[in-house]
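Single-structure report; data block below.
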Amino acid sequence: MQWIPGAWMGTAGVAFLACLVVPVAMVPNLEVQAGQRPNEGEYRVLEPLQSGALSLFPVVRNDEPSEAKKWNYITLDEGLRSGEVEVTEAGRASGMVRPRHGQALPIRQSGDRVNTLALINNSDKPLVLLAGEIVSGGKQDRVIGKDRIVPARSDPIDLSVFCIEPGRWVGSSDKFGAVSENNNFSFMVQPSVRSKAMVQKDQQQVWNSVNQSVETAQVMAASPAVPLEGGAIGEALPSNSRGMNTTSYAKAMNDERIVRQVDSVAEPLVRSSHEVLQKLREQHAVGVVVAVHGEIIWADIFATPEMLAAYWTKLVRSYAAESFDNIRAGTVKASVVEAQKFVDRPSHGEETSEGETGLYNYSEVRGQTMSSFYLQVLLPGTKFYAHISRVAEEGTVGKLSPALIR
């Protein structure tokens, strides 16, 4: 199945220094133990969907966890749009406290912090948060640093984040949102930025990656036309090729010229999303392995086809943005065999785990060539993996040699 697309101000210095604050490291919760992880052979990789330099290999699971079929949850996008999920700066969390028995719960308030936001889930459903999802607003745009589950009707929680807008530390709004200015789609950072938050957990590296992505966006915005598959030239972009004058990843990616460039790759997989997703459902696809310019770089695997569908558009757009990274320019196509080996490889390396008893467990295994991240649901009557991410380490992405793939 192949798809071919037809001023830095005075406060900025303060913001930059604030961005260099590294969040508290993951601390294992000994009461929350991960269950047995999916074994080799449980997933099968299919022939890729192809658009421009982007290849998406659908991942099929033949035996869907029965508990996952009954699980009813809400996504961040749904919660923010409906107002059932609220996100604000940490120093303003007192206004989110849920009254109990006529009295307000006390909450610590130590001022706004770069790497922490406050979130409350007012929905009657548990909330799923994925690393890489963007919330815009407050004093800086942020990206969520790790997967987690927030219980229904929750008390305010501290949300671990990284800043992706180092040039601002002035409030633009009291609360955060996830929808772009034109309300057409929501954001997830591209894999090169997402990996710095998930694997390196280093604010400086996140900022460096954002800076590189914004610079790439500047080049994209200056391009006279949209390059299509096979060397053809698409509709010309607006003639204004001046810089976008922003340090914000979200604002850069929301620039009309960048949207059109990304859409040149993403639209064949999003515009006909009903047809694509229907086909994926029929194949019982629960995830994808991602290759850019022939290099396998990432995998996102969910518990059910419905979860994959819920995140499909924002994931595809994040992958498409990555396909404009010329650093990965190559000519060799990734194969189904390579993608299958990437999925099947056992997780080896330093392991850490955290979570909340009776709610979820989040564990990561950091290896030399690949890191794996597991979000396991532990709600009463359920025990399954809602989301698994696999990240190829820098220097080993894509075109992995057989020795590295084994």
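The values are calculated or read from the model by the stated rules, or taken from the named source; none is laboratory data. As the structure is a prediction and not an experimental result, all values here were calculated from the model. Quick reminder, even Gly has a Cβ in these numbers, built from the backbone with ideal geometry, and neighbours come from all protein chains shown.
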Please indicate, with yes or no, whether at least one residue in the stretch 270-283 is touching a Ser or Thr at 6+ places or on another chain (Cβ under 9 Å), modelled with pLDDT under 90 and aliphatic (A, V, I, L, M). yes
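Can you tell me which residue within the stretch 37-66, out of those that are among the polar types (S, T, N, Q) and loosely packed, with under 14 Cβ neighbours inside 10 Å, is nearest to Val262 (Cα to Cα)?
In the first step, residues of the stretch 37-66 are kept if they are among the polar types (S, T, N, Q); the result is 39, 50-51, 55, 62, 66.
Filter again for loosely packed, with under 14 Cβ neighbours inside 10 Å, leaving 39, 62, 66.
Working: Asn39: 35, Asn62: 33, Ser66: 37 Å.
The selected residue is Asn62.
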Filtering the stretch 117-128 down to residues that are within 22 Å of Ile388 (Cα to Cα) and crowded, with 24+ Cβ neighbours inside 10 Å yields Leu127, Val128
For Val114, only one of the following conditions fails: (1) crowded, with 18+ Cβ neighbours inside 10 Å; (2) at pLDDT 85 or above; (3) more than 30 Å from Leu308 (Cβ to Cβ). What is its number? (2)
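Determine which member of the set Val316, Val262 is modelled with pLDDT of 90 or more, within 19 Å of the chain's Cα centre (by Cα) and either in a loop (DSSP other than H, G, I, E, B) or under 26 Å from Asp147 (Cβ atoms) (or both).
Working: Val262 fails: modelled with pLDDT of 90 or more.
Checking each option against the conditions leaves just Val316.
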If I ask for residues that are crowded, with 19+ Cβ neighbours inside 10 Å, among the hydroxyl-bearing types (Ser, Thr, Tyr) and touching a Phe, Trp or Tyr at 6+ places or on another chain (Cβ under 7 Å), which ones from the stretch 363-395 would you list? Ser363, Tyr374, Tyr385, Ser389
Quick count over the stretch 56-87, residues being part of a strand (DSSP E or B) and hydroxyl-bearing (Ser, Thr, Tyr), is 1
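Would you point out the residue of the stretch 319-351, among those that are of a type in the set (Ser, Thr, Tyr) and more than 13 Å from the chain's Cα centre (by Cα), that is modelled with the lowest pLDDT? Give the derivation first.
Restricting attention to the stretch 319-351, the residues satisfying the condition of being of a type in the set (Ser, Thr, Tyr) are 319, 323, 331, 335, 347.
This time we only want the ones that are more than 13 Å from the chain's Cα centre (by Cα), so: 323, 331, 335, 347.
On the way: Ser323: 86, Thr331: 55, Ser335: 94, Ser347: 84.
My answer is Thr331.
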